[in-house]
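K.L.:
Here it is, the structure, as structure tokens.
Every number in this text was worked out from the coordinates using simple rules, so none of it is lab data. Because the structure is predicted, anything quoted here is derived from the model rather than measured. With ideal geometry, Cβ positions are generated from the backbone for all residues, glycine too; neighbour counts draw on all protein chains shown.
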Amino acid sequence: MAATRILVVEDEFLIALDIASVLEQAGMTVIGPVSTVAEAMNVIESEEIAGVLLDAHLAGEPVGCIADALKAKAIPFAFVSGYGLEQLPAGHRDVSLVKKPFTGQDLLSAVARF
């Protein structure tokens with residue numbers, strides 16, 4: 001698997017821990033988890049990351065700016081959300097979506113596409 005340093009952006013603590021655990025057990029390095037737009041933007045600017053699992057809604061904060069920054073830096077990402085494609089930020093509805101509730105295999109399959 002090429003992507004090894006994965007940023008996890010998730011505002012639900014237990015979900016973030018679950019995602020991190022799945023990735024770490026698969027031998028990946030987890031950056032974060034971070035739970036706010038500001039934290040995510042800081043990591044994107046300061047860390048070397050191979051991909052991102054991005055919650056589509058962070059405590060009511062829109063995540064379009066995160067998706068835009070990732071696209072501009074050519075960093076692959078997938079949304080993780082209980083919402084459908086129509087709820088994803090405009091211009092990013094072609095990005096992979098891991099539906100909540102997810103399995104570990106769902107997450108690993110998304111990261112494998114990075």
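K.L.:
How do E24, E12, E48 line up, fewest other C-beta atoms within 10 Å first?
P.N.:
Working: E24 12, E12 16, E48 7.
The most exposed by this proxy come first: E48, E24, E12.
K.L.:
List the residues, sorted by chain then number, that are 5 or more residues from T4 or on another chain and whose placed amide H is less than 5 Å from its amide H.
P.N.:
A50
K.L.:
Work out from phi, with θ = phi - 60° and the Karplus expression 6.51 cos²θ - 1.76 cosθ + 1.60, the ³J(HN,Hα) of each residue of the range 13-29, listed in order in whole Hz, and give x for Gly and Pro.
P.N.:
Ordered by residue, 3J(HN,Hα) equals 3, 5, 5, 4, 5, 4, 4, 4, 4, 4, 5, 5, 5, 8, x, 8, 9 Hz.
K.L.:
Would you please report the Å³ per residue occupied by the convex hull of the alpha carbon atoms in the chain? Write out the running numbers ahead of the final one.
P.N.:
Values: hull volume 9.9 nm³, N = 114.
Spelled out: Cα convex hull of the chain, divided by residues, is 87 Å³.
K.L.:
Same structure, new question: Would you mind getting me the FRET efficiency between Q25 and D68? Use the beta-carbon distance for r and R0 = 30 Å, nearest 0.05.
P.N.:
For Q25 and D68, the calculated efficiency is 0.45.
K.L.:
Using all alpha carbons of the range 51-114, what is the percent of pairwise distances in each 10 Å bin, ordered from the shortest bin to the longest?
P.N.:
Result, from short to long distances: 23, 58, 19 percent.
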